[in-house]
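What follows is a set of notes on a single structure, which appears directly below.
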Amino acid sequence: MKEILDSIQNRLDTVEGLNYVSEDWGQLEEYGRDIPAKFPLCLVDVQAATYSDIGQDRTASPQNRQEGVIRFTLKFADLRLGNANQKAPQVQKDSAWRIHEIIDKAHVKLHGFRPVPEHGALMRRDRRKFKRGDGVLHHELTYEMALHNV
C-alpha cells in the first residue's frame, strides 16, 4: 500500500498550483488559518478496499490469492480570499475559482495512471463539495484501482 500511496502523492506533487500534498491525517478538521498546511492542498488516503478470493498459489506468499479494488479519497482545499461575484475584479474571480483548475489538472494526471505497473489504473468515481463556514473551499474526489493476484 505504501508504494501505491507514494506513487500517487509523487504524481500529485507535479500538479501546478498545489502547494501541499500529503497523507490525510485530519488536517482539515481544523478551521481557517489554523489548518496545518499550505493552500491550495491535496490530502490522500485509502477510503476502503474490497477483496475476492481467486485460489491458491503455493509458490506465492501468502498462498491464498485475491483480487481487490481500492478506493482512494483525495481532498482538495483552498482558502478563498476573494469572491466570485460577476462584478468583482477579474483577479479576485480568478483566485476564487482556482481550486477547480487545480482539480482538473490533477484529474488529467491521475485518471488512467497506474501507480504500480502490476495493478490497475486509477479511475475517477465521484466528486463532492463540502460547505464550510471558515472560507475554505473543500472538494473530495474518489478514485478506484484494481489489485491483481495479491
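What the table shows:
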quantity	calculated
Answer from 8, 70 - the residue that is farther than 30 Å from residue 134 by Cβ and among the hydrophobic types (A, V, I, L, M, F, W, C)	70
Any hit, segment 32-52, residues being open to solvent by 40 Å² or more (accessible area, probe 1.4 Å) and assigned to a loop (DSSP other than H, G, I, E, B)	yes
Pair list, Cβ under 9 Å, 6 or more apart: segment 40-55 residue free of Cβ contacts under 8 Å to residues at least 12 places away in the same chain, other residue not in a strand (DSSP E or B)	none
Count of residues meeting criterion [under 30 Å from residue 97 (Cβ atoms) and either of a type in the set (Asp, Glu) or more than 15 Å from the chain's Cα centre (by Cα) (or both)] in segment 40-84	8
Segment 107-129 - residue that is among the aliphatic types (A, V, I, L, M) and open to solvent by less than 90 Å² (accessible area, probe 1.4 Å) and, of those, nearest to residue 12 (Cα to Cα)	110
When residues of segment 71-101 are limited to those that are outside any helix (DSSP H, G or I) and open to solvent by less than 10 Å² (accessible area, probe 1.4 Å), the one modelled with the lowest pLDDT	78
Some residue of segment 129-137 being among the aliphatic types (A, V, I, L, M), assigned to a loop (DSSP other than H, G, I, E, B) and either within 26 Å of residue 37 (Cβ to Cβ) or at pLDDT 95 or above (or both)	no
Failed criterion for residue 104 (all others in (1) under 16 Å from the mean Cα position of the chain (by Cα); (2) open to solvent by 20 Å² or more (accessible area, probe 1.4 Å); (3) under 19 Å from residue 4 (Cβ atoms) hold)	(3)
Within segment 58-69, tally of residues that are outside any strand (DSSP E or B) and within 21 Å of residue 4 (Cβ to Cβ)	3
Flag if residue 132 is basic (Lys, Arg) and either within 19 Å of residue 20 (Cα to Cα) or open to solvent by 70 Å² or more (accessible area, probe 1.4 Å) (or both)	no
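The values are calculated or read from the model by the stated rules, or taken from the named source; none is laboratory data. None of the values given here were measured: they were computed from a predicted structure. Neighbour counts run over all protein chains shown; Cβ positions are idealised from the backbone, glycine included. Ligands, DNA and RNA are stripped out before the accessible areas are found, and what is left, the full protein with its side chains, is counted by its heavy atoms. Shrake-Rupley method; radii C 1.70, N 1.55, O 1.52, S 1.80 Å.
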